[in-house]
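**Q** What follows is a single structure, and I will ask about it in a moment.
The values are calculated or read from the model by the stated rules, or taken from the named source; none is laboratory data. For clarity, every value in this text was computed on a predicted model and none was experimentally measured. Counting neighbours? That spans all protein chains shown, and the Cβs are built from the backbone with ideal geometry, glycine included. Areas reflect the complete protein model, heavy atoms only, side chains present, ligands, DNA and RNA absent. Shrake-Rupley method; radii C 1.70, N 1.55, O 1.52, S 1.80 Å.
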Amino acid sequence: MSNVTNDPIADMLTRIRNALQRGMLEVGVPKSTIKVEIARILKEEGYVDDFSVGDESPVPLIKLQLKYFGTRRDRRPVITQLKRISKPGRRVYRKRRELPIVLSGTGIAIVTTPKGVMTAQQARRDGVGGEVLCYVW
């Protein structure tokens, strides 16, 4: 049985979600260019502490250091929800003015645009629309 995933981004979000539920400090995700960009945005927006890109064989991994707040007993993950929006079977594209505002601005939408992968807020500022990959809050 092979580990071929039809939706690698959904797989990444699920791995992060599962690791957060288990209280893990780190999670590994198979590397791809778009996933490295998503990891960069999660770090820039303060949802993960850090990430590193390895070059292991046979599958290089992106290792994300997950972020929590609170004392050890009452520790809660910074990310409360990850939601995949555009899927391989149903792509979701939005024009600049139609880009979503997640939870009145407390969450982010990650969008892939002609200028690269960025948050919906940055895309609005740069005047570009694109494919809405996921919401994070």
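**Q** Largest first, what is the accessible-area ranking of R17, R97, R125 with a 1.4 Å probe? Can you show the working numbers first?
**A** Working: R17 80, R97 195, R125 165 Å².
My answer, sorted largest first, is R97, R125, R17.
**Q** How large is the accessible surface of T14 in square angstrom, using a 1.4 angstrom probe and rounding to the nearest 10?
**A** Answer for T14: close to 50 Å² accessible.
**Q** Now for a different question. For region 57-119, which whole-number percentage of the solvent-accessible area (1.4 Å probe, protein heavy atoms only) is attributable to carbon and sulfur atoms?
**A** Solvent-exposed carbon and sulfur of region 57-119 make up 50 percent of the total.
**Q** Follow-up. Using a cut-off of 20 Å between alpha-carbon atoms, which lysines can reach K43, once sequence neighbours fewer than 8 places away in the same chain are excluded?
**A** The reachable lysines, counting only those whose Cα sits under 20 Å from K43, are K31, K35, K63, K67, K83, K115.
**Q** Answer with a single label: of [x] 17.7; [y] 11.1; [z] 9.3, which was calculated as mean projected area of the Cα convex hull in nm² from the structure in view?
**A** Of the labelled values, this structure produces [z].
**Q** Right, another one. Among Q121, G105, I79, pick out the residue whose Cα is farthest towards the positive end of the charge dipole of region 68-137, where Lys and Arg carry +1 and Asp and Glu carry -1 on C-beta, about the Cα centre.
**A** I79
**Q** Hey, another quick one. Per residue, how large is the accessible surface of region 90-134? Use a 1.4 angstrom probe and give square angstrom.
**A** Working: 2580 Å² over 45 residues.
Each residue of region 90-134 exposes 57 Å² on average to a 1.4 Å probe.
**Q** Taking θ = phi - 60°, what integer Hz values does the Karplus form 6.51 cos²θ - 1.76 cosθ + 1.60 yield along region 69-78, in sequence order, with x for Gly and Pro?
**A** My calculation for region 69-78 gives 10, x, 6, 4, 6, 9, 5, 10, x, 5 Hz in order.
**Q** Estimate the FRET efficiency between S32 and T80 by the formula 1/(1 + (r/R0)^6), using the beta-carbon distance for r and 25 Å for R0, to the nearest 0.05. Kindly include the intermediate steps, with their values, before the conclusion.
**A** Working: r = 25 Å, r/R0 = 1.01.
Calculated value: 0.50.
**Q** Only four residue types carry charge here, +1 at the Cβ of Lys and Arg and -1 at the Cβ of Asp and Glu. Report the dipole size of region 8-103 about the Cα centre in Debye, rounded to the nearest 20. Walk me through the numbers on the way to the answer.
**A** Details: 22 positive and 11 negative charges, 125 e Å.
For region 8-103, the charge dipole is close to 600 debye.
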